[in-house]
Amino acid sequence: PCCYYRPNAQEPIQPLPAMIAVVTDLMGRIMGIHRTWLAPDGSDKAAIATPRRARGHLLEHAVRFGGTDDVMAAGEGIETTLSVRTALPNLPMAAALSAAHLAAIAFPPRLRRLYVVRDIDPAGDRARDSLIARANSAGVEAIELSPTLGDFNEDLRAFGVDTMRAEIRCQLAPEDVARFMLRSS
């Protein structure tokens, strides 16, 4: 509910609500921290110049949701990744925090299938293409998950979880529907 925000060194500190996430490597070691300051009512990001800030060693690392085995999903932002996790709570996921970081995310050693949770914009297109190429060259099957709108957070807010789940279901490998979707219904 109260995380300090300072626009610059000359301005006073402001306490604002924030979402705070830890960035870890594949071994679970803390590599950085990410903060997203929120509007006082929690409805959106705070109306400030830089509502998102991160510190630490972020490249190749991510904010992780669930332990990865052989299948996982990776997306740009925390909100988008958590939106997909709302529909697939048993699928391990990682939020890379930006398109550039998504393209460079490290692959767990036993990974055999990667779902690329894309944002529909030029940076998202480049990240998707780069990550799919890297995955394929590493022998990892890469499958794109595409939202209807700009990202899955927009889809969740506009259409609700049931509609989003139905759209995602059509994009999953058949064995993953049984593995991750049926158990989460």
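Remark: region 110-119, residue by residue, has Karplus-estimated 3J(HN,Hα) of 9, 5, 10, 9, 10, 8, 9, 7, 9, 9 Hz, where x stands for each Gly or Pro and the curve is 6.51 cos²θ - 1.76 cosθ + 1.60 at θ = phi - 60°. Packing, taken as the mean count of other beta carbons within 10 Å per residue, orders the peptides 161-173, 64-76 from highest to lowest as 64-76, 161-173. Per-atom-type breakdown for region 48-130 gives carbon and sulfur 53% of the accessible area (1.4 Å probe, protein chains only). What the phi angles of region 145-151 give under the Karplus curve with 6.51, -1.76 and 1.60, with θ = phi - 60°, is a coupling list of 10, 10, x, 7, 9, x, 7 Hz, glycine and proline written as x. Among beta bridges identified by DSSP and lying wholly in region 63-126, the antiparallel ones come to about 25 percent.
By DSSP, what percent of the beta bridges with both residues in region 1-106 are antiparallel, rounded to the nearest 5?
Values: 20 of 23 bridges.
Antiparallel: roughly 85 percent of the beta bridges in region 1-106.
As a length-normalised measure over Cα pairs under 8 Å and 6 or more apart, the relative contact order of the chain settles at 16 percent. Just to confirm the number: angle between the C-alpha axis of helix 78-87 and the first principal axis of the chain, 0 to 90 degrees, nearest 10? Value to nearest ten degrees: 40. How much of the DSSP beta bridge set in the chain is antiparallel, as a percent to the nearest 5? Around 60 percent antiparallel, to the nearest 5.
The values are calculated or read from the model by the stated rules, or taken from the named source; none is laboratory data. Remember, it's a predicted structure, so these values are computed and weren't measured experimentally. Positions of Cβ are backbone-derived with ideal geometry, glycine not excepted, and every protein chain shown enters the neighbour counts. Ligands, DNA and RNA are stripped out before the accessible areas are found, and what is left, the full protein with its side chains, is counted by its heavy atoms. Shrake-Rupley method; radii C 1.70, N 1.55, O 1.52, S 1.80 Å.
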